Amino acid sequence: MNAMSPQTVREHGLTDEEYNRILKLMDREPNLVELGIFSVMWSEHCSYKSTRAHLRRLPTKAPHVLQGPGENAGVIDIGDGDAAIFKMESHNHPSFIEPYQGAATGVGGIMRDVFTMGARPIAMMNALRFGAPDHPKTRHLVSGVVRGIGGYGNCMGVPIVGGEVNFHRSYNGNILVNAMCVGLARADRIFNSAAKGVGNPVVYVGSKTGRDGIHGATMASAEFSEDSEEKRPTVQVGDPFTEKLLLEACLELMATDAIVAIQDMGAAGLTSSSAEMASKGGSGFELNLDHVPTREEGMSAYEMMLSESQERMLVILKPGSERAAERIFRKWELDFAVIGITTDTGHLVVKHKGQVVADIPAHALSEEAPIYERPYRKASAPAPLPFNAFDPSRSIAQSLQKLIAIPDLASRRWVWEQYDYSVMADTVQSPGGDAAVVRVHGTNKGLAISTDVTPRYCKSDAFEGAKQAVAECWRNITAVGAKPLAITDNLNFGNPEKQEVMGEIVASVDGIAEACRALDFPVISGNCSLYNETNGEAILPTPAIGGVGLLADVHRMATSAFKRSGDAILLVGETSGHLGQSLYLREIEGREEGPPPPVDLAAEKRNGDFVRGLIEGARVNAVHDVSDGGLLVTIAEMAMAAGFGADVVLPKIAAGPVPAAFGEDQARYVVTASQKEADRILAEAKAARVPATSIGRTGGSKITIVGAQSVAVSALVNAHESWFPHYMEGELPPSA
Amino acid sequence: MKSAVVVFPASNCDRDAAVALEQVAGEKPKMVWHGDSELPPVDLIVLPGGFSYGDYLRCGAMAAQSHIMRDVKKKAEQGVAVLGICNGFQVLTETGLLPGALMRNANLKFACRPVGIVVEETQSKFSRRYNKGEVVHFPVAHGDGNYFADDDTLDCLEGENRVVFRYAEGDNPNGSARNIAGILNEKRNVLGLMPHPERVCDPLLGGTDGTRLFKSLVEALS
């Protein structure tokens, strides 16, 4: 074997130091196959080399956590022997290059992460960030991503119940597609990936291996430049039909007693699944690539080991169970091939055409990747908002009507109606509410799910912004009446080799950790996506949080629509009128300035627990959390969902009516109740030291701001519902 | 009422149909694999929603060629009731058990939402518990529900009162001819419809308008 040229090493995305580390671990020069294997396993995408040292600071334990980070997905106990399994993962780079397939395979990948643990997927969410609406590519990317998610998810028959869609110019060259999957399993039937034991057959099931997606993980670990389009061949192609068969076949096999370990072949394909399984199990693998089912002839060992063809799994069976297992996969018309055996060598040994083509210590691949304590610089605190940052004389009603139709607040109906959100007949809260709720099949329990982050807050103050993301997720789950249990996080950032980006990462991890600890909301799984930069321009820091909560009885679930006229409207939580980084300031005054709203985690907990108690006691008729756009937008959303209006008395605060209407102070909820009940609630709130005030009454066809103007609910609905379809049809000037 | 639900590869509403059937009929349906050659003796055969064989060819075209469909056809000709929902409707048109075809939605987008459905015909095993002209709400969830047939066929369907369900005026999600949502065969024992009655048999899921379809069948077939 020839000595590796420095150029070949560089083309594999490895630095000189990393290559020297490989030489030391191998005690010799790697051959090209081995170099390829190292390059994907040590890529940022697979190894978390820039973030691993920091992620350790996240709280991951709680009595209800059955499996924390480190497996394919995290697992929580939801009582009665049931377990919820979930994770969120990015498919950002491929989705920018080829939106349909990039998004589709993102959905497929996260579903495999969940069903490989023994769960049937029961809900999906997607947190999507696109560039400015008037960027020439945005419409095409929105269209392709939404079609791709729908095309894959709808075929799988797993309801897609919500998520986020936001627009900001910082994503012009790097969109974010973060897909979350939640599955359901029996707590005593969870499968993991540790390939323990010697002499067990290593079995390949699913689709055949093709030449697609080779070096996808490496591609996802580098910045984009002008030529990113040329990377299209690194994007995988999804086949949801095969995935559906694979899901059913795996669950059928899991009902037997045949499996030692199982893992999907995701990023870095056969390489990462075999290296990780062997390393975790303390075993070795001997693989014979001659038995790998391939889509085309003449594939080299290099290509087979690095292919990221989709819909494939690696299963370690108990010896003697091969026949019964094969029968299941043949029934579902899937490939099934014994391609190797577990050994006690600790090495991943790969044979092809009678030759040993790779022989690497498995732990060197999955555990010995370099861990970088990259230098970082924390941003200085944002300057306070100047007192004259807004014009107090502007019409509040007109601003409301404008805000409700901006790209970041307009109805996402255009998106969610392309997703089958009601299949499986357990979706008890459809998209559009604070959190989606799916019933645990055959029970009265429900899982509440929400994804959240406000990247403009994170850009201004990464620590407070990350706290806010966790707090808002917790609040959304609380607002439907569920008890928040755990989160998965999807950390999307720019190039970690830049000190300011690394500073954002470090501060975000600290912010998440602090909020999770305060709210008893541990992190059980997650994913990092770095190098989201094009031509040196980084995205806004976007630590997306996906949370799951448990609703003991779905009949006691709250929704945000007003239920009847004449109800009292109560605001729970303190209003100071914080306009820094608010949508009002950005959209009405054209200023992206100031610090984000501070998050008082003790207040979050106190106010949220109070509101959840009201819902559990069936004392409130409608509940909605206050977030983007502030109080008046919240009330407008409740009115639009109901089809009737309200009279609103804005809280009297020193900052004046505009900040009272549109400030984005945290830890707040709007609830409605009968007047009698409302009086009791206010008295109890006072006793519990929870700020709560009466701010109006439901009814009428308008939102009337008492002492100011009014706006018809029908006009709001029209503005709110029009933006997305009109934009996608190209009917509006995109900046409207 | 004894029933069977056929499971094609990538059927995905098979469980939903079985749950609704069991809830209304009080008896679990038999789940029948597409590769089987014969159905058990039943009063009702359900072809569920989903993406049979991935629907990479025309929707339902591959499923129409599957083993079990030969027996479904035979049983349908013998008068056994057959209900095709969504993908099941597409399979029924592809096998020729129902006339016409289901094309891509007119706006080329998948559509998932509740829609208003007018019950046009109550003289059938499938709809006797509804009132003629009543508007009910069923969800749709499909990308290919745009029913098409030539004018003679459409006239014939209407003349023989075989259009059981129509989308309410202004609420047609797919551009189907004459707002057609569900039709009967000539012998009136085969119904295909795009909307999903099995998803609205529980007040928690946004309504119970679908229950009466299954109750009609229980009443007619027990």
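Each value in this text was obtained by applying a stated rule to the coordinates, not by laboratory testing. Predicted model only: the values in this text are computed from it and were never measured. Cβ placement follows ideal geometry from the backbone for every residue including glycine, while neighbour counts extend to all protein chains displayed.
A few remarks follow.
- Axis of helix A:601-616 versus longest Cα principal axis of chain A: the two differ by about 80°, to the nearest ten degrees.
- Cα-centred dipole magnitude for the protein assembly as shown, charges only on beta-carbon of K, R (+1) and D, E (-1), debye, nearest 20: 1960
- Spatial separation of Cα centroids for region B:52-74 and region A:366-440, in angstrom: 43
- Electrostatic dipole magnitude of region B:3-221 [Cβ: Lys, Arg +1; Asp, Glu -1; Cα centre; debye, to 20]: 300
- Loop-located chymotrypsin sites (Phe, Trp or Tyr not before Pro) in region B:1-105 (DSSP state other than H, G, I, E, B) with a sparse environment of at most 14 neighbouring Cβ atoms within 10 Å: B:TYR56.
- Between the residues A:ILE635, A:LEU716, A:GLY118, the greatest Cα displacement towards the positive end of the dipole of the protein assembly as shown, with unit charges on the Cβ of Lys, Arg, Asp and Glu, is found for A:ILE635.
- Of B:PRO99, B:PRO29, B:PRO41, the one that fluctuates the most in a GNM where chain B has Cα springs shorter than 10 Å: B:PRO41
- With the simple model of a label 7 Å out from the Cα in the direction of the Cβ, B:GLN23 to A:ASN444 spans 1.6 nm.
- Mean residue ellipticity at 222 nm, helices only, chain A: -10500 deg cm²/dmol; runs of at least 4 DSSP H residues each add -39,500 (n - 2.57), and the sum is divided by the number of residues.
- Listed residues B:GLY49, B:GLY116, B:GLY145, most fluctuating in chain B (Gaussian network, C-alpha, under 10 Å): B:GLY116
- Taking the DSSP bridge list for the protein assembly as shown and keeping only pairs wholly inside it, about 75 percent are antiparallel.
- Net charge of Cβ neighbours under 9 Å - reference A:GLY269; Lys, Arg +1; Asp, Glu -1: 0
- Cα-based shape type of chain B, given that a ≥ b ≥ c are square roots of the gyration tensor eigenvalues and the cut on a/c is 1.5: rounded
- The angle between the Cα long axis of helix A:631-642 and the main principal axis of chain A comes to about 80°, on a 0 to 90 degree scale.
- Cα long-axis angle, helix A:462-479 against chain A (0 to 90 degrees, to the nearest 10): 70
- DSSP bridge orientation in chain B - percent antiparallel, rounded to nearest 5: 60
- Euclidean distance between Cα centres, region A:566-620 to region A:112-167, Å: 28
- Separation of alpha-carbon centers, region A:34-85 and region A:465-505, rounded to whole Å: 16
- Placing +1 on the Cβ of every Lys and Arg and -1 on the Cβ of every Asp and Glu, with nothing else charged, gives region A:1-140 a dipole about its Cα centre of roughly 300 debye.
- Between the residues A:GLY446, A:TYR376, A:VAL177, the greatest Cα displacement towards the positive end of the dipole of chain A, with unit charges on the Cβ of Lys, Arg, Asp and Glu, is found for A:GLY446.
- Charged neighbours of A:VAL713, selected by a Cβ distance under 13 Å, balance to -2 (K, R count +1; D, E count -1).
- Net +/- balance of residues flanking B:GLU27 in space, Cβ distance below 12 Å, scoring K and R +1, D and E -1: +1
- From its DSSP helices (H runs of at least four residues, each -39,500 (n - 2.57)), chain B gives a residue-normalised ellipticity at 222 nm of -7000 deg cm²/dmol.
- The protein assembly as shown: C-alpha gyration tensor shape, a/c 1.5 cut-off, then a/b vs b/c: oblate
- Spin-label pair A:ARG564/A:HIS140, simplified geometry with 7 Å Cα→Cβ offset, distance in nm: 5.4
- Choice from B:THR95, B:THR208, B:THR153 showing the highest fluctuation, given a GNM over chain B with Cα pairs closer than 10 Å: B:THR153
- Normalised by the number of residues in chain A, the mean separation of alpha-carbon contacts (under 8 Å, six or more apart) gives a relative contact order of 15 percent.
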